[in-house]
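**Student:** Starting off with a structure, shown below.
The values are calculated or read from the model by the stated rules, or taken from the named source; none is laboratory data. All values derive from a computational prediction rather than experimental measurement. Virtual Cβ from ideal backbone geometry, glycine too; neighbours counted across all protein chains shown. SASA here: full protein model, heavy atoms, side chains in, ligands and nucleic acids out. Shrake-Rupley method; radii C 1.70, N 1.55, O 1.52, S 1.80 Å.
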Amino acid sequence: MLRYLAGRLLRAILTIFLVIAFVFFVLHLSGDPAMMILSADAPPEAIKAFREAWGLDRPVWEQFLAYLFHALQGDFGNSMRDGRPAMQLVLERVPSTLAITVPAFALKLLIGIPAGIYAALHRNSLADRLTMMISVAGFTVPSFVLALVLVLVFSVQLGWLPSAGSDKPTSAILPIVTLGVAGAAILARFTRSAMLEVLGQPYIRAASAKGLQWRKVVVEHALPNAAIPTTTIVGFMVGTLIAGAVVVESVFAWPGIGRLLVSAVSNRDLAVVQAILLLVATTMVTANIIVDFVYGWLDPRLRRGGTRGR
């Protein structure tokens, strides 16, 4: 198991490095922050001084090496807007983002997994068709469209909930529902497919032929095996808790990391964008490591060098 996890950890470190390099070079080659922050009408002397102050006058590869050197020491640069440490700005927004993404994740699990299991156990029934129809609608409708519909119904028409902001406890309800619906729909379809695949296996028919109660067959044989592939999509959802909130936070004016990312990109605040994307990448990689660990625990063949699909 240690050798198995060590390989995954090395892969995770390489992935984070590649993300850092890709984001750094794309951001630095996509435009001049001095022109965005100072405007094109600023005196050439001011623009030159700004570039020198932030090291933008040096070659990109040299800036990248300097960034890596300082990042390894925990220094991820300062915001070009207010001079504060970029990672500090990002971490200040984490609680606000988690306040809507964690309940949304719980909502996905509470709705998606039971709905998928129920639909699989009642295949081709009216309940199955209705569940799948709702799930298709849930993940095909863009999140910003769903958010606007919810605002129109529950804020404008009914006046039950705030349409934006975070000054009231009820302000989080619409963002949570918006994030939770799409994830629950995806999870329901994936869980249904995993359950149907397991229910069609010979060992399920053999267990039924031995006279075991169907409930026992489902609980002791079908569900544990269906949980193995379902772990993948659940782990992916954990990894995208922060990244998935960008659109929703912008629509509902929620003061989280997603809204900060939109503002930093539009303002060309490179250090803040890099800090956010580094945090997102680290979260996703960590989630994948946890998924690999769970896979190795659920399926011992992986620890012996097998593959998930074997």
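**Student:** For the chain, find the longest principal axis of its Cα atoms and tell me its angle to the long axis of helix 173-199, 0 to 90°, nearest 10.
**Tutor:** 40
**Student:** At 1.002 mPa s and 20 °C, plugging the Kirkwood radius over alpha-carbon pairs of segment 177-223 into Stokes-Einstein gives what diffusion coefficient in µm²/s?
**Tutor:** On the way: Rh = 12.0 Å.
Approximately 179 µm²/s, per Stokes-Einstein.
**Student:** What ³J(HN,Hα) values, in whole Hz, does the Karplus curve 6.51 cos²θ - 1.76 cosθ + 1.60 give for segment 98-113 when θ = phi - 60°, with x put for Gly and Pro?
**Tutor:** Working through the residues one at a time gives 5, 5, 10, 7, 5, x, 5, 5, 4, 5, 4, 5, 5, 9, x, 5 Hz.
**Student:** Let me ask something else about it. Could you look at the chain and say what percent of its accessible area is carbon and sulfur, using a 1.4 Å probe and all protein chains?
**Tutor:** Using a 1.4 Å probe with all protein chains present, the chain comes out at 67 percent carbon and sulfur.
**Student:** With no solvent and one point on each alpha carbon, what is the Debye value of log10 I(q)/I(0) for the chain at q = 0.08, 0.09, 0.13, 0.14 Å⁻¹?
**Tutor:** Debye curve over Cα of the chain, log10 I(q)/I(0) at q = 0.08, 0.09, 0.13, 0.14 Å⁻¹: -0.49, -0.61, -1.05, -1.14.
**Student:** Okay, moving on. Quick one: ranking V149, V273 by accessible area, 1.4 Å probe, largest first, what do you get?
**Tutor:** V149, V273
**Student:** Considering only protein heavy atoms, with the full assembly of protein chains and a 1.4 angstrom probe, order I37, I47, I134 by accessible area, largest first.
**Tutor:** I134, I37, I47
**Student:** Hey, for a label at I134 modelled as a point 7 Å past Cα toward Cβ, could you say which residues of segment 183-204 have their backbone N under 14 Å away?
**Tutor:** 183-189
**Student:** If amide hydrogens are placed 1.01 Å from N in the peptide plane, which non-local residues have theirs closer than 5 Å to the one on N78?
**Tutor:** A86
**Student:** So what does F144 come to for accessible area, using a 1.4 Å probe and Å² rounded to 10?
**Tutor:** Accessible surface of F144 is approximately 100 Å².
**Student:** Provide the per residue accessible area, probe 1.4 Å, for the chain, rounded to a whole number of square angstrom.
**Tutor:** On the way: 16830 Å² over 310 residues.
On a per-residue basis, the chain sits at 54 Å².
**Student:** When only Cα pairs under 8 Å and 6 or more residues apart are kept, what is the percent relative contact order across the chain?
**Tutor:** Normalised by residue count, the contact order of the chain is 27 percent.
**Student:** From the phi of every residue in segment 268-279, what ³J(HN,Hα) in whole Hz does the Karplus formula 6.51 cos²θ - 1.76 cosθ + 1.60 yield, where θ is phi - 60° and glycine or proline is x?
**Tutor:** Each residue of segment 268-279 in turn: 6, 8, 4, 5, 5, 4, 4, 5, 5, 5, 5, 5 Hz.
**Student:** Semi-axes of the equivalent ellipsoid of segment 147-227: what are they in whole Å, largest first, if each equals the square root of 5 times a C-alpha gyration tensor eigenvalue?
**Tutor:** Its equivalent ellipsoid spans semi-axes of 44, 11, 10 Å.
**Student:** Let me check something: with ligands and nucleic acids excluded, how do W61, W254, W54 order by accessible area (1.4 Å probe), largest to smallest?
**Tutor:** W61, W54, W254
**Student:** Apply the Karplus parameterisation 6.51 cos²θ - 1.76 cosθ + 1.60, with θ equal to phi minus 60°, to every residue of segment 245-257 and state each ³J(HN,Hα) to the nearest whole Hz, in sequence, with x for glycine and proline.
**Tutor:** Calculated HN-Hα couplings, in order: 8, 4, 5, 5, 5, 5, 5, 9, 6, 8, x, x, 5 Hz.
**Student:** If you don't mind, another one. Restricted to Cα positions, what overall size does segment 1-74 have along the principal axes? Three whole-Å values, descending.
**Tutor:** 61, 21, 18
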